[in-house]
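Scroll down for the structure; my scribbles are underneath it.
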Amino acid sequence: MHKHQHRHQRNMPHVFAGRGSRIYNFFAHTVFRGMYRRLARDVAANAPQGAEVLDIGTGPGMLLAELVRIRPDLRLTGIDLSPDMVAAAARNAGPQVTVKVGDVTNLPFDDGSFDVIVSSFSSHHWDDPEAAAPELTRVLRPGGKAYIYDFRFAPFDVLDADGPRTRVRTGIPFFPRCIRLTVSANV
Ligand SMILES: C[S@@+](CC[C@H](N)C(=O)[O-])C[C@H]1O[C@@H](n2cnc3c(N)ncnc32)[C@H](O)[C@@H]1O
């Protein structure tokens, strides 16, 4: 087994619905807030002017909320499996952002819809990363990039074994760094 082989964490719907989504939303506004600012700056540095950006597994949408603040030119969309998270994301990110319920393995978008895909701390919950990988490249435009931020044990090898991996600071004491995998659109 490869050192970074995915240890299936799988989706845990109960954690991201109802009371679970409210508790997560609370942490997103407090403990994780600075991390979303850092990740948003990292995304902003890589997003062309006016880019179409999709956040997969957006949860309470705080990364999108930060992007609205620092890059109002971007056209932002978020999806998540959990309707409660989608409702929270709509509240947190506001009317400039489109959020909908959706699964990474069956993205409700046409081919070549996005310049940039982001995803933070969601990929280790994906039930079927093998089916997610072709969906990422399908909805990316030529020249587009997906930036997958997650823990070391996320399914990076499955998503793109050759994609560059960079360590990114989170600013959170109990997990000070995460990995950013960059997946390029098919040419
Ligand atoms: C730990 S939360 C991360 C939320 C947010 N991106 C953040 O950084 O705080 C993981 C999210 O991924 C979502 N998720 C899990 N499996 C998914 C799938 N197959 N497709 C889309 N979203 C999924 C969950 O519903 C949950 O909201």
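With runs of 4+ DSSP H residues as the only contributors, calculate the mean residue ellipticity of the chain at 222 nm using -39,500 (n - 2.57) per run, divided by the residue total and rounded to the nearest 500.
Working: 6 runs with 62 residues, N = 187.
After summing the helix terms and dividing by the residues of the chain, the value is -10000 deg cm²/dmol.
Give me the percent of DSSP beta bridges within the chain that run antiparallel, rounded to the nearest 5.
Working: 12 of 30 bridges.
In the chain, DSSP labels about 40 percent of beta bridges as antiparallel.
At q = 0.16, 0.17, 0.22 Å⁻¹, work out log10 I(q)/I(0) for segment 1-122 with the Debye formula, treating every Cα as an identical point scatterer and leaving solvent out; two decimals please.
The calculated log intensity ratios at q = 0.16, 0.17, 0.22 Å⁻¹ are -0.75, -0.85, -1.30.
At R0 = 25 Å, how high is the FRET efficiency between Thr182 and Thr105 if r is their beta carbon distance? Nearest 0.05 is fine.
On the way: r = 21 Å, r/R0 = 0.82.
Efficiency computed from Cβ-Cβ geometry: 0.75.
Please work out how much length the chain gains when fully extended from Asp127 to Val15, using 0.36 nm per residue of separation minus the C-alpha to C-alpha distance, in nm with one decimal.
38.9 nm
Computed from the coordinates by the stated procedures, all read-outs in this text should not be read as laboratory data. Just so you know, these numbers come straight off a predicted model, no measurement behind them. Methodologically, a virtual Cβ is constructed for each residue, glycine included, from the backbone with ideal geometry; neighbour enumeration extends over all protein chains shown.
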